[in-house]
2 protein chains.
Amino acid sequence: MPWLSHSTTNDVINQICDRIWLAVVQRTLRPGARLKEEELTEIFGTTRARVRQALSILEQDGLVTIYPNRGACIAEPGVEDAQDAFSARLAIEQRLVTRLCRSASVEDIATLRDHIAQERAAHARGDSEAVIRLSGEFHMLIAKLSGAELLLKILRMLTIRTSLITAMYQTQATQTCGPDEHDRILTAIEARDEARASNEMAHHLHHLETALRLSDTPIPVSGLREALATNLRKRSP
Amino acid sequence: MPWLSHSTTNDVINQICDRIWLAVVQRTLRPGARLKEEELTEIFGTTRARVRQALSILEQDGLVTIYPNRGACIAEPGVEDAQDAFSARLAIEQRLVTRLCRSASVEDIATLRDHIAQERAAHARGDSEAVIRLSGEFHMLIAKLSGAELLLKILRMLTIRTSLITAMYQTQATQTCGPDEHDRILTAIEARDEARASNEMAHHLHHLETALRLSDTPIPVSGLREALATNLRKRSP
DNA sequence: ACGTTAAGAATTGTTGACAATCTCGTTGAC
DNA sequence: GTCAACGAGATTGTCAACAATTCTTAACGT
């Protein structure tokens with residue numbers, strides 16, 4: 001259920017990381033949002049040292065930016081970073097699906113199919129938060145099933161960037177191109193057609209990227225907030 | 001001069017990370033070597049908290065593994081990780097050289113040519129430590145010149161893995177295939193021939209990997225140490 | 001009114017001592 | 001002689017108070 005076990009063995013820190021990461025993915029925390037240490041200690045009922053460690057990890061992952069002596073904020077990657085991230089994702093994920101075509105077991109395929117079913121369900125009932133989250137999880141799932149620890153870690157870093165970018169440059173309800181494309185990828189995997197799976201993945205990622213590129217010039221969401229109001233409080237859970 | 005600026009803004013921590021990373025690259029620190037916190041505090045003349053932060057970062061990078069309540073050691077990646085790392089490096093670096101073919105300035109090319117000259121010099125005078133270090137730096141340099149922050153960070157993680165693997169599974173003086181192949185890559189970049197540059201890079205990485213794969217069955221260097229003796233002291237600088 | 005400056009509040013960074021855990025040599029029973 | 005329990009020493013993990021920095025607010029002079 002937690003998105004991904006981090007490298008830390010400490011449960012509390014992992015929980016902090018996961019919750020923040022989840023909040024970003026489902027748009028509860030916008031890029032640029034302030035993360036005060038004391039606030040987090042209260043929320044998670046822990047000490048400031050733990051929060052500090054968690055923030056340090058999240059900075060390594062690229063989810064938050066720590067301005068020395070000034071605090072931590074959800075990161076605001078630029079368009080450059082977005083292009084790099086998509087570029088790298090293309091390279092990594094094509095390799096992942098190719099590998100999965102060879103190594104996927106019937107259970108793996110069943111797992112993926114089940115996941116897509118969940119996506120469809122969320123899409124059908126208009127639960128946009130779940131759609132966004134599940135859509136990202138699909139790609140992480142492919143990495144996890146392919147069994148490559150390292151590639152999973154890298155893909156996580158890349159997904160964080162693209163998620164942030166999506167949160168920043170999303171004009172309106174650019175539907176995250178429903179589960180149909182995921183289904184096409186899975187079908188190719190099931191048919192053990194490496195070339196087709198690779199192509200479908202490329203098409204899918206390209207689709208994602210271009211959907212974002214539309215809103216290239218507009219200013220990031222939090223730019224306004226940062227420029228105008230300063231004392232916004234985060235909603236309490 | 002420092003291999004790569006980390007994400008931290010703290011100079012001391014960066015220095016610790018760089019020195020350890022350098023020591024690993026030039027085989028002063030072998031995989032599996034113990035890293036006691038107090039020892040490091042003395043060496044770098046800092047506090048234990050800083051050392052702890054540095055170790056945490058290095059763990060994120062995959063250079064050290066931290067065993068809870070038992071201390072930190074230089075990581076010992078398995079052959080699986082090696083294959084993944086090379087696989088990812090291939091994907092990333094092909095993209096990097098392709099990009100560099102378009103964006104490289106004359107100064108960039110001069111920088112690369114100068115670097116290869118240094119490699120040749122080190123190779124000529126039999127300075128194997130410098131050869132290993134410079135050979136790795138060449139790839140990082142390509143990433144840096146291509147201007148992609150993210151890809152540089154990822155390549156660093158991958159290079160760490162392959163360096164560790166090289167240190168572990170290197171049978172004898174498997175010469176790190178001299179600077180000639182680097183030169184071929186640079187020539188292709190200079191000619192703006194994207195396809196050829198990409199191919200040369202692929203060939204180069206494949207060469208690196210197969211040179212390692214030869215010693216697949218043998219046990220990692222520090223496996224012996226870990227299994228037999230436990231109280232080895234690191235040489236003092 | 002505007003910009004500047006300075007004290008106070010809020011927030012982050014650091015330190016040192018203390019607690020928890022592990023390592024390893026010793027002792028003792030079988 | 002072998003093995004298990006034990007305890008001293010060593011090493012890592014945690015915490016709470018203290019220090020340093022930044023942000024806010026308000027007063028002040030021009």
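State whether the residues of region A:135-142 include one that is open to solvent by less than 10 Å² (accessible area, probe 1.4 Å), within 14 Å of another protein chain (Cβ to nearest Cβ) and within 23 Å of residue A:192 (Cα to Cα). Can you show your working first?
Kept after step one, since they are open to solvent by less than 10 Å² (accessible area, probe 1.4 Å), are these residues of region A:135-142: A:138-140, A:142.
Within this subset, residues satisfying the condition of being within 14 Å of another protein chain (Cβ to nearest Cβ) are none.
No, every residue in region A:135-142 fails to be open to solvent by less than 10 Å² (accessible area, probe 1.4 Å), within 14 Å of another protein chain (Cβ to nearest Cβ) and within 23 Å of residue A:192 (Cα to Cα).
Checked against the criteria, residue A:163 counts as among the polar types (S, T, N, Q) and away from chain B (no Cβ under 11 Å). In this entry, residue B:77 is excluded by the filter for residues that are assigned to a loop (DSSP other than H, G, I, E, B) and open to solvent by less than 10 Å² (accessible area, probe 1.4 Å). Among the criteria (1) under 29 Å from residue B:85 (Cβ atoms); (2) out of contact with any helix residue (DSSP H, G or I) (no Cβ under 6 Å at 6 or more places or on another chain), the one residue A:210 does not fulfil is (1).
Just to verify a result, which residue in region A:34-50, among those that are in a helix (DSSP H, G or I) and of a type in the set (Val, Ile, Thr), is farthest from DNA strand D (Cβ to nearest atom)?
Only one residue tops the list, namely A:43.
Among all positions in region B:21-33, there is at least one residue which is in contact with a strand residue (DSSP E or B) (Cβ under 7 Å, 6 or more places away or on another chain), more than 12 Å from DNA strand D (Cβ to nearest atom), part of a helix (DSSP H, G or I) and away from chain A (no Cβ under 12 Å).
Do you know which residues across region A:84-106 are more than 9 Å from chain B (Cβ to nearest Cβ), part of a helix (DSSP H, G or I) and touching a residue at least 40 places away in the same chain (Cβ under 8 Å)? Let's see the steps before the verdict.
We begin by selecting, within region A:84-106, every residue more than 9 Å from chain B (Cβ to nearest Cβ); these are A:86, A:89, A:93, A:96-98, A:100-106.
Filter once more, keeping what is part of a helix (DSSP H, G or I): A:86, A:89, A:93, A:96-98, A:100-103, A:106.
Listed by number, the residues that qualify are A:86, A:89, A:93, A:96, A:97, A:98, A:100, A:101, A:102, A:103.
Is there a residue being buried (at least 21 other Cβ atoms within 10 Å of the Cβ), touching a strand residue (DSSP E or B) at 6+ places or on another chain (Cβ under 7 Å), assigned by TED's automatic domain parsing to the domain that holds residue A:20 and under 23 Å from residue A:137 (Cα atoms) anywhere in region A:42-54? Looking through region A:42-54, none of the residues is buried (at least 21 other Cβ atoms within 10 Å of the Cβ), touching a strand residue (DSSP E or B) at 6+ places or on another chain (Cβ under 7 Å), assigned by TED's automatic domain parsing to the domain that holds residue A:20 and under 23 Å from residue A:137 (Cα atoms).
The residues on offer are A:81, A:61, A:11, and the sole one that is under 20 Å from residue B:62 (Cβ atoms) and either within 13 Å of DNA strand D (Cβ to nearest atom) or within 14 Å of chain B (Cβ to nearest Cβ) (or both) is A:61. Summed over region A:33-60, residues that are within 20 Å of residue A:78 (Cβ to Cβ) and away from DNA strand C (no atom under 14 Å from the Cβ) total 1.
Matching residues to (1) assigned by TED's automatic domain parsing to the domain that holds residue B:201; (2) within 16 Å of DNA strand C (Cβ to nearest atom); (3) open to solvent by 10 Å² or more (accessible area, probe 1.4 Å); (4) in contact with an Asp or Glu (Cβ under 7 Å, 6 or more places away or on another chain):
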position	(1), (2), (3), (4)
B:70	no, yes, yes, no
B:94	yes, no, yes, no
B:117	yes, no, yes, no
B:126	yes, no, yes, no
B:147	yes, no, yes, no
B:160	yes, no, no, yes
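How many residues are in contact (Cβ under 8 Å) with a residue 40 or more places away in the chain, closer than 25 Å to residue A:61 by Cβ and away from chain A (no Cβ under 11 Å) when one looks only at region B:36-53?
Going residue by residue through region B:36-53, those that are in contact (Cβ under 8 Å) with a residue 40 or more places away in the chain are B:39, B:43, B:50, B:53.
Next, only the ones that are closer than 25 Å to residue A:61 by Cβ stay: B:50, B:53.
Then drop every residue that is not away from chain A (no Cβ under 11 Å), which leaves B:50.
Qualifying residue count for the region: 1.
The values are calculated or read from the model by the stated rules, or taken from the named source; none is laboratory data. The shown structure was predicted, so the numbers you read here are calculated from the model rather than taken from an experiment. Here Cβ is always computed from backbone atoms with ideal geometry, including for glycine, and neighbour counts include all displayed protein chains. Accessible surface areas use protein heavy atoms only, side chains included; no ligands, DNA or RNA. Shrake-Rupley method; radii C 1.70, N 1.55, O 1.52, S 1.80 Å.
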